[in-house]
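Nothing in this text is a laboratory measurement; each read-out follows from the coordinates by a stated rule. These figures come from a predicted structure and were not determined experimentally. Neighbour counts run over all protein chains shown; Cβ positions are idealised from the backbone, glycine included.
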Amino acid sequence: MGRVNTPILSESAKLALEHDFKTSQIHSYRMRCQVILLKSTGRKSQEVGEITGMTYVSVNAWVKRYKDFGIEGLQTQPGRGRKPILDKETDKESILKSVKANRQRIQTAKAEWEKESGRSVSLSTLKVFLKALTDDTNE
């Protein structure tokens, strides 16, 4: 028989988890809240995993993280995921300079910037970056 890994929730913690489970925009965070709520009722990790679509190992890991750090431990930590290829702070000026020099030819501007910076990006990445810059200036 396995060990019992049931988090004991105070009423305020339970209400906070239920609120975040119902209202959070981030799906993964909602699932983590659901894991803690289900485990607090005494369910087995395997059963909770089947309900949430996680493995029992992941369920146990999130319960441990909740016990160690509380509800903040269920949030995705900064620094996760793929890092951006272009940065607004470091690349903005050089890209805008190339685009202004070649207003009607985005591919020429891209080639000029790549030659100047020594880095390579796809045309679609450059267009998305320029759109993000225009969105910032429109706000």
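Quick notes
- Only listed residue being more than 30 Å from residue 126 (Cβ to Cβ) and in contact (Cβ under 8 Å) with a residue 40 or more places away in the chain, chosen from 36, 71: 71
- Qualifying position, being of a type in the set (A, V, I, L, M, F, W, C), out of contact with any helix residue (DSSP H, G or I) (no Cβ under 8 Å at 6 or more places or on another chain) and farther than 30 Å from residue 20 by Cβ, among 101, 111: 111
- Only one of 10, 117, 24 that is surrounded by fewer than 16 Cβ atoms within 10 Å (Cβ to Cβ) and farther than 30 Å from residue 130 by Cβ: 10
- When restricted to residues that are in contact with a helix residue (DSSP H, G or I) (Cβ under 8 Å, 6 or more places away or on another chain), exposed (fewer than 14 other Cβ atoms within 10 Å of the Cβ) and either among the polar types (S, T, N, Q) or not in a helix (DSSP H, G or I) (or both), region 65-90 contains 1.
- Scope region 91-114; condition surrounded by 12 or more Cβ atoms within 10 Å (Cβ to Cβ) and polar (S, T, N, Q); matching residues: 94, 98, 102, 108
- Inter-residue pairs, beta-carbon under 7 Å, first among the basic types (Lys, Arg) and in region 109-137, second loosely packed, with under 14 Cβ neighbours inside 10 Å, 6+ apart: 110/123
- Within region 44-64, tally of residues that are free of Cβ contacts under 8 Å to residues at least 40 places away in the same chain and surrounded by 17 or more Cβ atoms within 10 Å (Cβ to Cβ): 7
- Residue within region 83-100 that is within 27 Å of the chain's Cα centre (by Cα) and closer than 30 Å to residue 62 by Cβ present: yes
- The numbered conditions (1) assigned to a loop (DSSP other than H, G, I, E, B); (2) closer than 30 Å to residue 8 by Cβ are all true for residue 62 except (1).
- Scanning region 7-33 for residues that are closer than 13 Å to residue 66 by Cβ and touching a residue at least 40 places away in the same chain (Cβ under 8 Å) returns 7, 13, 16, 17, 20, 29, 32, 33.
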